[in-house]
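Q: Sharing a structure below in structure tokens format, with a few things to ask.
The values are calculated or read from the model by the stated rules, or taken from the named source; none is laboratory data. Just so you know, these numbers come straight off a predicted model, no measurement behind them. Here Cβ is always computed from backbone atoms with ideal geometry, including for glycine, and neighbour counts include all displayed protein chains.
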Amino acid sequence: MKVKWNFLNVYGVAHEENKSELLAELAHFCSTSREPYMVAEDFNIIKFASEKNKDIGLSRFSGLFNSIIESQELIDLHMIGEKHLVQQSNLSHSGETG
């Protein structure tokens, strides 16, 4: 059985003034998508203060970001370390690493 699904790749804006628009688009996509989806992301938003080495506190968008994650029942897969990083030059045409 074939299942249609969406892949959303996000690289978040670094500037604070554009983050509310990014989060609004994310919330809209998640709430209106009829197919299953996967979001791969670097939102440039800190979810928890413990995610950073420096004590810089949370972004003013952290609460909204966490609310979207919770309300849309998104799952955060913590993939860290070199084994989860793939350089594009290491990808073959079939998408396999080598």
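Q: Which pairs do you get when a residue that is closer than 28 Å to S59 by Cα and surrounded by 11 or more Cβ atoms within 10 Å (Cβ to Cβ), found in the stretch 1-16, comes within reach of a residue that is modelled with pLDDT of 85 or more and of a type in the set (G, A, S), reach meaning Cβ atoms under 9 angstrom, with the pair 6+ apart or on two chains?
A: Between residues of the stretch 1-16 that are closer than 28 Å to S59 by Cα and surrounded by 11 or more Cβ atoms within 10 Å (Cβ to Cβ) and residues that are modelled with pLDDT of 85 or more and of a type in the set (G, A, S), the close pairs are L8/S33.
Q: Here is a further query. Kindly list, by first and then second residue, each pair from a residue in the stretch 42-59 that is in a loop (DSSP other than H, G, I, E, B) to a residue that is of a type in the set (K, R) and modelled with pLDDT under 70, limited to pairs with Cβ atoms under 7 Å and residues at least 6 apart or on different chains.
A: I46/K52
Q: Let me confirm something: among F29, F7, which residue is outside any strand (DSSP E or B) and among the aromatic types (F, W, Y)?
A: From the options F29, F7, the qualifying one is F29.
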